[in-house]
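*Asks:* Would you mind keeping the following structure in view while I ask a few things?
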Amino acid sequence: MTRPDVLDTLVSLAKRRGFIFQSSEIYGGTGSVWDYGPLGVELKHNVKARWWNAMVRERDDVEGLDAAILMHPRVWEASGHVSGFSDPLVDCKACKARFRADKLGDAACPRKPSKKPGEHADCELTEPRQFNLMFKTFMGPVEESASVVYLRPETAQGIFVNFLNVQQATRQKVPFGIAQIGKAFRNEITPGNFIFRTREFEQMEMQYFVEPGTDMEWFERWKEARLQWHLGLGLDRDRLQFHQHTDTELAHYARAAFDINFDFGGTLGFQEIEGVHNRSDFDLRQHQAFSSKKLEYVDQVQNKRYLPYVIETSVGADRVTLAILVNALREEAVEGEQEGRTVLGFHPALAPIKAGVFPLTKKDGQPEMAERLAAALRKRFPVFYDEAGAIGRRYRRQDEAGTPFGITIDGDSTANDDVTIRFRDDMGQIRVATSQVAEVLTRYLEADHPRADSRLVG
Ligand code: GAP
């Protein structure tokens with residue numbers, strides 16, 4: 001079954017509600033670069049925090065790092081990016097469009113009627129030429145070849161060159177890992193599909209250093225752990241699958257690789273959101289050779305030195321955010337109402353706003369009580385106070401923002417000091433004492449369950 005294509009709906013919802021805007025939109029936009037608005041920045045922050053907690057804070061065998069984007073240019077010679085990080089590019093002399101030579105079958109000629117590149121009578125495609133995807137710039141005031149530096153195309157190399165710094169500073173023993181979250185840049189030839197493939201994006205990468213010979217066992221463990229992490233975000237099980245790289249797909253550094261693919265629906269279908277790679281000792285060996293610095297690990301128990309093998313888990317923060325948005329979007333009918341509703345059914349822990357606080361009317365002390373409650377809750381969660389319009393419309397606005405809980409202060413609230421909590425997913429309601437609201441919300445936010453239903457957490 002092909003799932004529907006929801007990207008156009010999402011692009012307009014994301015703009016309307018302040019999740020994601022096109023970069024430099026008032027100047028006509030920058031190609032495949034996007035800005036995260038107030039809700040988007042919270043959503044992506046929650047994704048990154050969840051990754052950091054799972055990969056660093058909850059483990060004692062993985063350390064954090066924040067390496068710089070600009071690195072010594074030799075790093076990229078050692079890693080193979082200067083010579084090999086390129087895609088085959090073809091130009092069409094007739095329409096001036098550019099395509100990846102290896103993806104012509106998936107591409108569309110920009111002219112009408114809609115055809116593939118090369119299919120219009122006057123299409124004139126050039127021979128493929130290699131196009132390096134790294135962005136170049138110059139360090140210092142002189143623009144000459146000696147001062148060329150690159151914007152990193154992956155965060156991983158910052159980890160490899162710091163392997164011994166981290167190991168010696170923390171006295172970790174192999175096996176152990178180093179994790180970081182950071183921006184990466186790729187001058188993609190055919191970017192697109194909203195934030196799926198962009199030229200500036202964020203990666204969450206972890207390199208796990210292991211003794212050679214134990215690498216495939218760790219590879220299997222990390223593969224499974226990473227799938228479980230995606231399931232924990234609330235991504236549907238039947239939208240996730242592994243894809244094993246064949247010999248022709250394997251990167252130059254990889255001994256084995258699996259992608260975790262997510263079904264984005266429509267023509268995009270199943271696409272990679274994360275790669276799990278067995279990189280052998282390729283990177284450490286290369287950096288050792290290019291820097292002439294020994295990068296061996298000294299195993300004092302076994303009394304031997306070796307270059308560890310590396311299991312890498314590499315996931316795009318933006319791509320997972322898109323998967324979460326696609327997975328969460330629902331347009332559904334509401335019983336007894338003519339208009340349906342649009343819902344972003346995020347896992348409560350990922351939702352940008354945790355609760356909307358609504359006085360039913362603007363009188364009888366309701367706004368004052370609601371504002372007091374909102375201010376108290378805001379110390380613990382992002383909360384949105386709204387007193388404008390009919391209560392049904394206020395709920396709908398928060399459904400569309402993915403807010404899991406709506407707290408309503410009504411005529412009885414001021415007398416009894418209690419409120420109604422309305423749950424986003426089943427629209428069920430419970431009545432609780434005002435002093436209990438934060439505790440009820442916390443139970444949901446800390447639960448593993450990805451839905452905000454009134455009957456889930458007792
Ligand atoms: N260090 C290994 C590495 O970078 P990759 O498969 O090229 O491997 C890993 O990238 C992840 O980074 C991908 O699974 C994807 O989630 C994300 N990613 C890569 N290129 C991207 C792009 N142009 N836009 C958005 N995300 C991207």
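Only the coordinates and a few stated rules stand behind these numbers; no lab work does. Quick caveat: nothing in here was measured; it's all calculated off a predicted structure. Note that we place each Cβ from the backbone using ideal geometry, even for glycine, and neighbour counts take in every protein chain shown.
*Asks:* If the chain between D60 and R237 were fully stretched, how many nm would it gain, using 0.36 nm times the residue separation less the Cα-Cα distance?
*Replies:* Using 0.36 nm per residue and subtracting the Cα-Cα distance, I get 60.9 nm.
*Asks:* Also: Rank T246, G213, L227 by how far each Cα sits towards the positive end of the charge dipole of the range 210-276 (+1 on Lys, Arg Cβ; -1 on Asp, Glu Cβ) and give me just the farthest.
*Replies:* Of the listed residues, the answer is L227.
*Asks:* Looking at the square roots a ≥ b ≥ c of the eigenvalues of the Cα gyration tensor of the range 80-193, which shape do they give, rounded for a/c under 1.5, prolate if a/b is larger than b/c, or oblate?
*Replies:* Values: a/c = 3.61, a/b = 2.15, b/c = 1.68.
The shape class here is prolate.
*Asks:* So what are the ³J(HN,Hα) numbers for the range 157-172, from phi and the Karplus equation (6.51, -1.76, 1.60; θ = phi - 60°), rounded to whole Hz, Gly and Pro as x?
*Replies:* 5, x, 6, 4, 6, 9, 3, 6, 4, 5, 4, 6, 5, 9, 6, 5
*Asks:* Roughly what % of DSSP beta bridges within the chain run antiparallel, to the nearest 5? Mind showing how you got there, number by number?
*Replies:* On the way: 68 of 79 bridges.
Antiparallel bridges: around 85 percent, rounded to the nearest 5.
*Asks:* Sticking with this structure for a sec: In percent, what relative contact order does the range 337-441 have, based on Cα pairs under 8 Å that are 6 or more apart in sequence? Walk me through the intermediate numbers first.
*Replies:* Numbers: 184 pairs, mean separation 31.7, N = 105.
Over the range 337-441, the number comes to 30 percent.
*Asks:* Now a separate question. Find the Cα radius of gyration of the chain, compare it with 2.2 N^0.38 Å by division, and give the number to two decimals.
*Replies:* Details: Rg = 25.4 Å, N = 458, 2.2 N^0.38 = 22.6 Å.
My calculation over the Cα atoms of the chain gives 1.12.
*Asks:* Still on this structure, I have one more. Each residue of the range 129-141 in turn: what ³J(HN,Hα) in whole Hz from Karplus with 6.51, -1.76, 1.60 and θ = phi - 60°, glycine and Pro shown as x?
*Replies:* Each residue of the range 129-141 in turn: 9, 6, 10, 6, 8, 7, 7, 10, 8, 10, 9, x, x Hz.
*Asks:* Okay, moving on. Based only on Cα atoms, what mean projected area does the convex hull of the range 289-348 have, in nm²? If you can, show how the numbers build up before the last one.
*Replies:* Values: hull surface 34.9 nm².
The orientation-averaged projected area of the Cα hull of the range 289-348 comes to 8.7 nm².
*Asks:* Ok, one more. Strictly over 29 Å apart at the Cα level, which of K15/K183; K44/K223; K44/K363; K116/K183; K116/K223 would you flag in this model? Mind dumping the intermediate values first?
*Replies:* Values: K15/K183 22 Å; K44/K223 23 Å; K44/K363 37 Å; K116/K183 33 Å; K116/K223 36 Å.
Exceeds cut-off: K44/K363; K116/K183; K116/K223.
*Asks:* Against the longest principal axis of the chain, how steep is helix 215-232, in degrees 0 to 90 to the nearest 10, with axes from Cα atoms?
*Replies:* 20
*Asks:* Hey, another quick one. With angles folded into 0 to 90 degrees, how steeply does helix 38-52 sit against the dominant principal axis of the chain? Use alpha carbons for both and round to 10.
*Replies:* 60
*Asks:* Pairing the Cα long axis of helix 7-17 with the longest principal axis of the chain, what angle in degrees results, from 0 to 90 and rounded to the nearest 10?
*Replies:* 60
*Asks:* In the range 23-91, what is the volume of the convex hull around the alpha carbon atoms, normalised per residue and reported in Å³? Don't jump to the answer; show the numbers that get you there.
*Replies:* Working: hull volume 13.2 nm³, N = 69.
Spelled out: Cα convex hull of the range 23-91, divided by residues, is 191 Å³.
*Asks:* Mind listing which trypsin sites (Lys or Arg not before Pro) in the range 24-122 are in a DSSP loop and have 16 or fewer other Cβ atoms within 10 Å?
*Replies:* Passing both the DSSP loop test and the Cβ count: R59, K93, K96, R111, K115.
*Asks:* So what's the range 66-140 giving for Cα Rg divided by 2.2 N^0.38 Å, two decimals?
*Replies:* Working: Rg = 16.9 Å, N = 75, 2.2 N^0.38 = 11.3 Å.
Normalised Cα radius of gyration, the range 66-140: 1.49.
*Asks:* Could you list which residues have their amide H under 5 Å from that of G266, counting only those 5 or more apart in sequence or on another chain, with H placed in the peptide plane?
*Replies:* Long-range HN contacts for G266: R3, D5.
*Asks:* Along the principal axes of its C-alpha atoms, what lengths does the range 111-170 span, in descending order and rounded to whole Å?
*Replies:* 63, 33, 20
*Asks:* Which number comes out as Rg/Rh for the range 108-260 once both Rg and the Kirkwood Rh are worked out on C-alpha atoms? Before the final figure, lay out the partial values.
*Replies:* Numbers: Rg = 20.5 Å, Rh = 19.7 Å.
Ratio of gyration radius to Kirkwood radius: 1.04.
*Asks:* What ranking, highest mean first, results for peptides 341-353, 161-173 when packing means the other Cβ atoms within 10 Å averaged over each residue? Mind dumping the intermediate values first?
*Replies:* On the way: 341-353: 22.7, 161-173: 14.8.
Result, highest mean Cβ count within 10 Å first: 341-353, 161-173.
*Asks:* Whole Å is fine, so just give me how far the alpha carbon centre of the range 336-388 lies from that of the range 179-221.
*Replies:* The distance from the Cα centre of the range 336-388 to that of the range 179-221 comes to 37 Å.
*Asks:* Under the classification rounded if a/c is under 1.5, otherwise prolate if a/b is larger than b/c and oblate if not, where does the range 416-458 fall, given a ≥ b ≥ c as square roots of the Cα gyration tensor eigenvalues? It would help to have the intermediate numbers written out before the result.
*Replies:* On the way: a/c = 2.84, a/b = 1.44, b/c = 1.97.
It is oblate, given that a/c is not under 1.5 and a/b is not larger than b/c.
*Asks:* G356's amide H: which non-local residues (gap 5+, or another chain) put their own amide H closer than 5 Å, with H modeled 1.01 Å from N in plane and none for Pro or chain starts?
*Replies:* The answer is F384, F405, G406, I407.
*Asks:* Also, I was wondering about something else. In whole Hz and in residue order, list the ³J(HN,Hα) couplings for the range 148-153 that follow from phi through the Karplus curve 6.51 cos²θ - 1.76 cosθ + 1.60, θ = phi - 60°; x for Gly and Pro.
*Replies:* 5, 10, 10, 7, 4, x
*Asks:* As a test of the formula, what do you get for the chain when each DSSP H run with n ≥ 4 contributes -39,500 (n - 2.57) and the sum is divided by the residue count, at 222 nm and rounded to the nearest 500 deg cm²/dmol?
*Replies:* Numbers: 13 runs with 130 residues, N = 458.
Only helices count here, giving -8500 deg cm²/dmol.
*Asks:* Let me ask another. Based on alpha-carbon centroids, what's the gap between the range 287-312 and the range 73-145 in Å, whole number please?
*Replies:* 37
*Asks:* Taking each pair of different alpha-carbon atoms in the range 332-391 once, compute 1/r for the pair, average those values, and report the inverse of that mean as the Kirkwood hydrodynamic radius in Å to one decimal. Display every interim value, and only then the final one.
*Replies:* On the way: mean 1/r = 0.0747 Å⁻¹.
Final number for the Kirkwood radius of the range 332-391 is 13.4 Å.
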